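Asker: Dumping the structure here so I can ask a few things about it.
Readers should treat all values here as calculations from the given coordinates under stated rules, not as data from a laboratory. This is a predicted model, so every value here is computed, not measured. All Cβ positions, even for glycine, are placed from backbone atoms using ideal geometry, and neighbour counts span all protein chains on display.
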Amino acid sequence: MPAPRSLLEVSRELAAISQAGLAFSKDPFDRERFNRLREMAGEIMTVEIGQSGFRWPAESGYPTPKVDVRGVAFRGDSVLLIKESSSGLWTTPGGWADVNLSAAQNVEKEFLEESGYQVKAVAITSVIDRELAGFPVHTHTIYKIFFLCQIIGGEARTSIESTEIGFFPTDNLPALDRDRVSAEEIRRAHAFQRNAARPCYFN
């Protein structure tokens, strides 16, 4: 038998069904039912996370996972990391993918904004489902795309999202922000850099 699902998984699926129904249904009574279904999904989350009045956002179109892009760049055996302003922990530059940009353009933009370094995305080292990879549970389903990047210009510069920038040996990493990156993904990118014949990892 399959393992019992968490209330988060049930609520997430109900919200997705509601969003898809609202995207395609024209019948006013069905739309009313789908709106109620989204409210019920929020009520389940209120119980799950103990946050009163939780509501799933009213998005349009067919529901799909969110996309987080991360750039991993090296100098020798050391990886560039930024210290996140919000958490005080270290991560690779990146964030939510913006519209009207390719995934590669997104990671290059995020890298420059957060670190001051201009990079070229040269390969994808992994595409992972965040939860399946053991990252902390998030409300949304998220795909994380890790790019191997080559530094082509710029210099270290902090931003509103970063308070420090540094290079760290892959075998002696600082405290990482586990909501954003894992040591495993950094080492996977490092192995890819040393052997570009390695296939892109996915789960």
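Asker: Can you give me the long-range amide H partners of Phe202? Hydrogens built in the peptide plane at 1.01 Å from N, cutoff under 5 Å, separation of 5 or more residues or another chain.
Answerer: Excluding prolines and chain starts, which carry no amide H, the hits are Val127.
Asker: On a full-extension model of 0.36 nm per residue, what is the gain between Val10 and Ala23, subtracting their alpha-carbon distance, rounded to one decimal in nm?
Answerer: Gain in length upon complete extension: 2.7 nm.
Asker: Let me ask something else about it. Just how many % of Cα pairs in the stretch 59-203 lie over 18 Å apart, if you round to the nearest whole percent?
Answerer: Of all Cα-Cα pairs in the stretch 59-203, 53 percent lie more than 18 Å apart.
Asker: The stretch 25-129: which GluC sites (Glu not before Pro) are DSSP loop and have at most 16 other beta-carbon atoms within 10 angstrom?
Answerer: For GluC sites (Glu not before Pro) across the stretch 25-129 that sit outside H, G, I, E and B with at most 16 neighbouring Cβ atoms in 10 Å, the list reads Glu59.
Asker: Taking amide hydrogens as modeled 1.01 Å from N in the peptide plane, which residues meet the under 5 Å criterion relative to Asp177, leaving out close sequence neighbours?
Answerer: Amide H neighbours of Asp177, under 5 Å, 5+ apart: Trp90, Thr91.
Asker: Report, by chain and number, residues whose modeled amide H sits under 5 Å from the one on Ser85, excluding near sequence neighbours (fewer than 5 apart, same chain).
Answerer: Under 5 Å from the amide H of Ser85: Ser162, Thr163.
Asker: So, in the chain, how many Lys pairs have Cα atoms under 28 Å apart, if the pair is 8 or more places apart or on different chains?
Answerer: Step by step, the pairs that qualify in the chain add up to 11.
Asker: I need the peptides 160-167, 20-27 ranked by packing, meaning the mean over residues of other C-beta atoms within 10 angstrom, with the highest value on top.
Answerer: Output ranking for 160-167, 20-27: 160-167, 20-27.
Asker: Shifting gears a bit: In sequence order, what are the phi-derived ³J(HN,Hα) couplings for the stretch 130-143 according to the Karplus relation 6.51 cos²θ - 1.76 cosθ + 1.60 with θ = phi - 60°, rounded to whole Hz, with x for glycine and proline?
Answerer: In residue order, the calculated couplings are 4, 5, 5, 8, x, 6, x, 4, 10, 4, 8, 6, 10, 9 Hz.
Asker: Give the relative contact order (percent, whole number) for the stretch 1-83; include only Cα pairs under 8 Å separated by 6+ residues.
Answerer: RCO, the stretch 1-83: 28 percent.
Asker: When the chain is modelled as a GNM with alpha-carbon springs shorter than 10 Å, which of Arg31, Arg187, Arg12 fluctuates the most?
Answerer: Answer for the Gaussian network model of the chain: Arg31.
Asker: From the phi of every residue in the stretch 53-62, what ³J(HN,Hα) in whole Hz does the Karplus formula 6.51 cos²θ - 1.76 cosθ + 1.60 yield, where θ is phi - 60° and glycine or proline is x?
Answerer: Listing the rounded values in order: x, 4, 9, 5, x, 7, 8, 10, x, 6 Hz.
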